[in-house]
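Chemist: The following block contains the structure, expressed as structure tokens.
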Amino acid sequence: MHGAPTPSDFGTYQRDTVRHLLERQAGVFALLLSLSLALDAVRLYPSQEFATILRRLPVQIGVCVAVFLLLRFTRFGARWPTLLGGAAYATIAGFGGLLLGDLGGFEGPFFYSAYILPTFVMMLPCRFTERVLFTLLMVAAFMLAFFLPHPEHLDYPLAHIAFSYLLVITAADIYFGHRSMTLLRERFTMERQLEAHSAALARDNDLLEERVRHQTGAVRSLLDRVETTRHETRTELARDLHDGMGQLVAGTRLELHHIERALDTGEPLSTENLGYLYGLVDRLDRQVREMVRELRDPSAIGSLELALGKLKDAYDRMPGVHIALHLEISQEPEEPVREAMVAIAREALTNAIKHGRARHIDVLVHEEAGAHCLAIEDDGSGFDGTFALERVATSKATGFGVLGMRERAEALGGTFGVGSSQGAARTSAPLVAASARTGARVWARFPRGVA
């Protein structure tokens, strides 16, 4: 039961309480009266007094047994326990008055048994009007049964004292019985309110427990995302370091190798070689600064044409290297695609110059079937693209260039491939005739709408 108790709730509780009390009283009375009959048989049989008791007492025992059975096993007893109890009280009191009136008047202690009759009703949780009615009915039944067959009992000179005591006891029992009823109602209300509060507390505890589980799951999910982001950030930073500074370090190493070879062979060195080396170091310094600026503000890369133009200018300064840039796009790619294209182009240019010894490199950006495409072709020594991709897939690659380019493309939902510039399978059209090229080809394709 939840919320404040209603009158119907208390009525049901009151009816059930009255039923259980009357049931127990009827059982106890039947047992005590049976015991009294047995004791009277032992002490008074055979006598006129026992004959009188035998006419009255079994009726009272039978009434108690009948009331017990009706209350325990019938729907009438469950629905009308107070009415059944009041009728039973009056019947038992009446037969008790007949018995005690036959056994003697005020000279003996028999009349004073009437003093305990109101206490039986006092224990019942019934309404005030019912309490008054049943108490008076029970006392009146006893008095009538006691005096009507024996009016001579009224001639007793001190009878008024007995009547006064009976009146006071009846009034006191009615009052205290009503007070007990008030306390019972308050107890019932407090119990139901406590049940309601306990139920509300249980619901709040369940809700709090559910929130704790949800928050715990959210925290765990957040930690997982943080760890994933941390891993992705470290991977991205590793690619940036490789793609950004790796090329310049490779160019510096290559130029130092040329200088070392010239020194070993006695070839003359010009200031152009040292100037180019100084230029590489300067570009390395600028690259570090640009990487720091991009880490602080990724949007600093600018437009794709500007970024690829800077990349072309940096590699064009290398002796014997010529880079041609072709942009055939009507719409600027999204920022993530822009960054990925620049990084892939930088790595592909470095590989073409460092490993392929390429002298002429074409960089093409164009649109194709709702996607932005990047292709880098060179005239270097070339390599087996399928073999390179297989080594990347099986983690057998000795470098991270091809792996980084592939990761950048696939992270944005794109595709990536490498192969010979004379290969048959191509995502983009070749820039020049296949017969004019013997080098490598790197391509990447990005869908539009990348967030």
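The values are calculated or read from the model by the stated rules, or taken from the named source; none is laboratory data. Note that the structure is predicted; figures quoted are calculated from it, not measured. Here Cβ is always computed from backbone atoms with ideal geometry, including for glycine, and neighbour counts include all displayed protein chains.
Chemist: Among the residues of the range 75-118, count how many are in contact with a Lys or Arg (Cβ under 6 Å, 6 or more places away or on another chain) and closer than 21 Å to F163 by Cα.
Modeler: Going through the range 75-118 one residue at a time, the tally reaches 3.
Chemist: Here's another thing I want to ask about it. If you scan the range 204-232, which residues turn out to be hydroxyl-bearing (S, T, Y) and modelled with pLDDT of 80 or more?
Modeler: Scanning the range 204-232 gives a single hit, T216.
Chemist: Now for a separate question. Of the numbered conditions (1) touching a residue at least 12 places away in the same chain (Cβ under 8 Å); (2) crowded, with 17+ Cβ neighbours inside 10 Å, Y112 fails exactly one; give the number of that condition.
Modeler: Status for Y112: all satisfied but (2).
Chemist: A follow-up question, please. In the range 332-365, what count of residues is obtained for those that are surrounded by fewer than 20 Cβ atoms within 10 Å (Cβ to Cβ), without any contact (Cβ under 8 Å) to a residue 40 or more places away in the chain and closer than 18 Å to R448 by Cα?
Modeler: Of the residues in that region, 2 qualify.
Chemist: On to the next question. Tell me the residue from E23, E49 that is of a type in the set (D, E) and modelled with pLDDT of 90 or more, please.
Modeler: E23
Chemist: Could you please find all residues in the range 72-103 being of a type in the set (D, E, K, R) and either surrounded by 20 or more Cβ atoms within 10 Å (Cβ to Cβ) or under 14 Å from R55 (Cα atoms) (or both)?
Modeler: Hit for the range 72-103 is D102, nothing else.
Chemist: Looking at L144, L117, L154, L166, which one is assigned to a helix (DSSP H, G or I), under 24 Å from G27 (Cα atoms) and of a type in the set (A, V, I, L, M)?
Modeler: L117
Chemist: To continue, here is another question. With respect to F106, determine if the residue is outside any helix (DSSP H, G or I) and either out of contact with any strand residue (DSSP E or B) (no Cβ under 6 Å at 6 or more places or on another chain) or surrounded by fewer than 18 Cβ atoms within 10 Å (Cβ to Cβ) (or both).
Modeler: In short, yes.
Chemist: Tell me, yes or no, whether the range 188-201 has at least one residue that is in a loop (DSSP other than H, G, I, E, B) and not assigned by TED's automatic domain parsing to the domain that holds G401.
Modeler: Among the residues of the range 188-201, not one is in a loop (DSSP other than H, G, I, E, B) and not assigned by TED's automatic domain parsing to the domain that holds G401, which makes the answer no.
Chemist: With the checklist (1) closer than 30 Å to L183 by Cβ; (2) at pLDDT 90 or above; (3) crowded, with 17+ Cβ neighbours inside 10 Å in hand, flag the one item P125 doesn't pass.
Modeler: Among (1) closer than 30 Å to L183 by Cβ; (2) at pLDDT 90 or above; (3) crowded, with 17+ Cβ neighbours inside 10 Å, the lone unmet condition for P125 is (2).
Chemist: Check A159 against each of (1) within 15 Å of F106 (Cβ to Cβ); (2) at pLDDT 85 or above; (3) surrounded by 15 or more Cβ atoms within 10 Å (Cβ to Cβ) and name the one condition it does not meet.
Modeler: Condition (2) is where A159 drops out.
Chemist: Go through the range 25-62 and count every residue that is of a type in the set (V, I, T) and free of Cβ contacts under 8 Å to residues at least 24 places away in the same chain.
Modeler: Result for the range 25-62: 2.
Chemist: Hey, can you tell me all the residues within the range 265-280 that are modelled with pLDDT under 75, in a helix (DSSP H, G or I) and more than 17 Å from R346 (Cα to Cα)?
Modeler: T271, E272, N273, L274, G275, Y276, L277, Y278, G279
Chemist: When the residues of the range 426-446 are filtered to those that are at pLDDT below 60 and of a type outside the set (A, V, I, L, M, F, W, C), which remaining residue is surrounded by the most Cβ atoms within 10 Å (Cβ to Cβ)?
Modeler: R437
Chemist: Is there any pair with a first residue in the range 78-89 that is part of a helix (DSSP H, G or I) and a second that is among the basic types (K, R) whose Cβ atoms are under 7 Å apart and which are 6 or more apart or on different chains, and what are they?
Modeler: A78/R19; P81/R15; P81/R19
Chemist: Would you mind telling me which numbered condition in (1) part of a loop (DSSP other than H, G, I, E, B); (2) closer than 14 Å to A440 by Cβ; (3) not hydrophobic (A, V, I, L, M, F, W, C) E347 fails?
Modeler: E347 satisfies every listed condition except (1).
Chemist: Quick check on this structure: which one of G413, G449, G404, G423 is farther than 19 Å from R359 by Cβ, out of contact with any strand residue (DSSP E or B) (no Cβ under 6 Å at 6 or more places or on another chain), in a loop (DSSP other than H, G, I, E, B) and modelled with pLDDT of 55 or more?
Modeler: G449
Chemist: Looking at (1) at pLDDT 65 or above; (2) more than 41 Å from the chain's Cα centre (by Cα), which is the only condition S395 fails?
Modeler: (1)
Chemist: Okay, moving on. Output yes when any residue across the range 63-71 is in contact (Cβ under 8 Å) with a residue 60 or more places away in the chain and either within 60 Å of the chain's Cα centre (by Cα) or surrounded by 13 or more Cβ atoms within 10 Å (Cβ to Cβ) (or both), and no when none is.
Modeler: No: the range 63-71 contains no residue that is in contact (Cβ under 8 Å) with a residue 60 or more places away in the chain and either within 60 Å of the chain's Cα centre (by Cα) or surrounded by 13 or more Cβ atoms within 10 Å (Cβ to Cβ) (or both).
Chemist: Considering each of A51, A30 in turn, give the residue that is in a helix (DSSP H, G or I) and within 19 Å of G104 (Cα to Cα).
Modeler: A51
Chemist: What do you reckon, is M122 in the same structural domain as A26 (by TED's automatic domain parsing), closer than 30 Å to T17 by Cβ and in contact with a helix residue (DSSP H, G or I) (Cβ under 6 Å, 6 or more places away or on another chain)?
Modeler: Here the answer is yes, as M122 does meet what is asked.
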